[in-house]
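Trainee: Okay, here's the structure, questions in a sec.
No value in this document is a laboratory result; all are computed from the given coordinates. Keep in mind that what you see is a predicted model, and the values were worked out from it rather than measured. No Cβ is skipped: glycine too gets one built from the backbone with ideal geometry, and neighbour counts run over all protein chains shown.
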Amino acid sequence: MRTSAVIASSDTKIGVNPIEWKNVYLPTKSNRSMYRPRRNVVTLGEFIIDRQADFPFAKGELSSLLSDISIAAKIVNNEVNKAGLVNILGEAGAENIQGESQKKLDVFANDQFLAALASGGECAGVASEENDEIILFDGPSSQGKYIVAMDPLDGSSNIDVNVSVGTIFSIYRRKTKNGPATVEDFLQYGSDQVAAGYIVYGSSTMLVYTTGNGVNGFTLDTSIGEFCLSHPNMRIPGGGNIYSVNQGNFVHFPEGVKKYIKSLQIDDKANKKPYSLRYIGSLVSDFHRNLIKGGIYIYPTTLASPKGKLRLMYECNPMAMLVEQAGGKATDGFNDILEIKPTDIHQRCPLYVGSSSMVDEAMQFLKEYSNENMEPQYEVNKK
Ligand code: AHG
């Protein structure tokens, strides 16, 4: 296409060899509609602003909060990437409320997310895996309309072996109107979440989130330091042939889970069985793979963890919101995760999450082979 209107002449002092500019043109009136310089990239910041009107209470606070999270994620990503280079591996010395030793990077990630959320002003407080009690912010943030539950660095046992780890977050509108937030602001049903997401620090770093209008994934382009939309409108396949579970605990699983797993391992070509077992041991990474390829992630009750291992508020609930928004399902084996009433910010629960048909089938096995005592005991908002 021919265009006209040279924008730089040989005497333009722009520090570029004028000869190279001879063929650079601006559109004329006549060809303007055809000439539209475009970036093929949508950054997370642009996307959030573009979608702001989707939020029921939109005044920009939730957008700012998501931006704060993405900034902390970039800082944590830098540190995760150089974890093998600097003296950041090893134990920080303390134990978290679960009795697990904290790695230095866990502490660093926790500090970064807390700092980002505290300075943003939209978040009144945080429930974190790394803190026994809720953290309440002071100053203007104390009046923030939102609270966040998070696991700042999930899969921490994988840090020092260079295997993908992640951050999981869950956002609620606080219930109390004024003053500091209270623990009741945190103990809301998963179905009350206004946003949820995770960052996976993997072969590339991705941020995946939902505000209740589908799921979108952004890959960090380290050359420009921006999360760029790479996986718009993510949908989980309705079925799959991958199952993710710590099969080393098999002997301690409920009978229904044992039977379900055995049913996936039979020689049945017509149904693409046996299925593949893929278990990274970082919920975020296992969930992310199954979200894209189709599959089920299971962390059932075991003899060692009779209530399950994962935490309802900052592991199960956010993943449940994401998977449902992507067309999948999340249950504790009997009930929808999002309908469980939390009574403790660090409450544990079993998790069956992934492609709908696979979760349904696992639940059928549990129903068939369970006795009454197996059903988790907590209040559930039955629909
Ligand atoms: P944490 O980050 O506290 O170490 O927990 C990780 C979680 C989850 O990400 C992972 O899928 C699961 O624990 C692994 O547990 P097992 O080692 O028992 O399989």
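Trainee: Among 154-160, 345-351, 315-321, how do they line up from the highest to the lowest mean number of other beta-carbon atoms within 10 Å?
Mentor: 315-321, 345-351, 154-160
Trainee: How many nm is it between the label spots at residue 142 and residue 175, if each spot is 7 Å from the Cα in line with the beta carbon?
Mentor: About 2.1 nm, to one decimal.
Trainee: So, in nm, how far is label residue 223 from label residue 273 when the simple model puts each one 7 Å beyond its Cα toward the Cβ?
Mentor: Going from the residue 223 label point to the residue 273 one covers 4.7 nm.
Trainee: Out of the trypsin sites (Lys or Arg not before Pro) in the range 155-232, which ones are loop residues according to DSSP with at most 13 other C-beta atoms within 10 Å?
Mentor: 177
Trainee: What ranking do 108-117, 267-276, 185-194 get when scored by the average of other Cβ atoms within 10 Å per residue, highest first?
Mentor: Values: 108-117: 22.2, 267-276: 11.4, 185-194: 19.7.
Ranked by mean Cβ neighbours within 10 Å, highest first: 108-117, 185-194, 267-276.
Trainee: Report relative contact order for the range 313-376 in percent, whole number only (criteria: Cα-Cα under 8 Å, sequence separation at least 6).
Mentor: Working: 68 pairs, mean separation 22.2, N = 64.
So the answer I get is 35 percent.
Trainee: Note down, for the range 198-285, the three equivalent ellipsoid semi-axes (square root of 5 times each alpha carbon gyration tensor eigenvalue), biggest first, whole angstrom. Mind dumping the intermediate values first?
Mentor: Numbers: eigenvalues 217, 49, 31 Å².
Output for the range 198-285: semi-axes of 33, 16, 13 Å.
Trainee: So if R0 is 51 Å, what FRET efficiency would residue 250 and residue 81 give, r being the distance between their Cβ atoms, rounded to the nearest 0.05?
Mentor: 0.90
Trainee: Per q in 0.15 1/Å, what log10 I(q)/I(0) does a Debye calculation on the alpha-carbon atoms of the range 44-231 return?
Mentor: -0.88
Trainee: Follow-up question, since we're still on this one. Would you calculate the separation in nanometres between label points at residue 213 and residue 49, each defined as 7 Å from the Cα along the Cα-to-beta-carbon direction?
Mentor: The two pseudo-label positions are separated by 1.6 nm.
Trainee: Between the alpha-carbon centers of the range 285-340 and the range 142-214, tell me the distance in whole angstrom.
Mentor: 15
Trainee: Say R0 is 35 Å: what FRET efficiency, to the nearest 0.05, do residue 41 and residue 115 get from their beta-carbon distance?
Mentor: 0.80
Trainee: Once you have the Cα-Cα distance between residue 377 and residue 344, take 0.36 nm times their residue separation minus that, and quote the gain in nm to one decimal.
Mentor: Full extension of this stretch gives 10.5 nm more.
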